[in-house]
Amino acid sequence: MQIKHITSFIIVILLSCSYNGYAQQDDKAREILDRLAEHTTSAPSVFVNFTVSMSTLQDDTIYEQFDGEITIRGEKYRLSIMGMEIWFDGTSTYTYMPDVSEVIISDPDENGGLMSNPAELFTLYHEEFRYRLIDEISREGKRLYEIDLHPLDRNHDFHTVKLFIETENNFIHSAVIAGKDGNRYTLKVNDYSTDKQVLDSFFVFDESDYPDLEIIDMRW
């Protein structure tokens with residue numbers, strides 16, 4: 001799976017409810033989603049430690065799994081995953097790969113689609129989804145809302161986002177994207193914080209911190 005897809009998957013899970021363009025479907029689901037959006041967008045920043053697993057839709061066999069951490073503030077984020085460090089400063093993406101000692105600088109891909117374009121994820125409030133509260137369940141000793149979201153735009157790389165939201169704290173417990181590629185992408189939140197004050201510099205790649213680094217600038 002390409003790193004752009006992994007990055008986008010993680011961010012879409014964390015920001016998928018931070019929009020205003022709900023298609024009017026389920027009032028109870030909207031109420032829950034609004035609380036989640038308020039909880040995350042009003043915070044100084046959002047830090048999440050997570051595990052991502054990828055499996056097949058046919059038999060749900062996990063064929064890849066890895067841990068990561070992400071900090072989000074507004075449109076900016078910093079992500080550590082699969083031995084890589086990724087910064088998005090609101091304008092450009094910096095992907096640092098220590099195994100080859102290089103960083104790739106790129107512009108957001110405006111035509112790459114939701115699963116391959118992190119920039120598009122920050123404008124999800126322009127999108128419209130069908131959404132429905134499926135059930136309230138117990139899992140791992142916690143009460144969770146189970147909500148399904150389906151994009152009205154059939155050009156997306158996925159057909160369903162299933163969110164499990166904790167009833168007690170209005171934050172994501174886990175989430176699943178069913179991709180049109182026949183795979184299921186699952187994110188499990190291990191730990192999170194919404195009260196950290198993060199400086200702008202945290203989201204900016206500083207070349208001086210990485211000597212002898214090859215810089216590949218792909219920006220137009």
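Tabulated data
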| quantity | calculated |
| --- | --- |
| Residue that is surrounded by the most Cβ atoms within 10 Å (Cβ to Cβ) [pool: residues in segment 190-220 that are more than 21 Å from the chain's Cα centre (by Cα) and aromatic (Phe, Trp, Tyr)] | Tyr210 |
| Every residue from segment 134-189 that is surrounded by 19 or more Cβ atoms within 10 Å (Cβ to Cβ) and basic (Lys, Arg) | Arg184 |
| 2 or more residues within 23 Å of Glu38 (Cβ to Cβ) and not small (Gly, Ala, Ser): qualifying strands (runs of 3 or more DSSP E) within segment 146-220 | 158-166, 172-179, 183-193 |
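No lab work stands behind these numbers, since they all come straight from the coordinates. Just so it is clear, the structure is predicted and the values come from calculations on it, not from any experiment. Cβ atoms come from the backbone with ideal geometry, glycine included; neighbour counts cover every protein chain shown.
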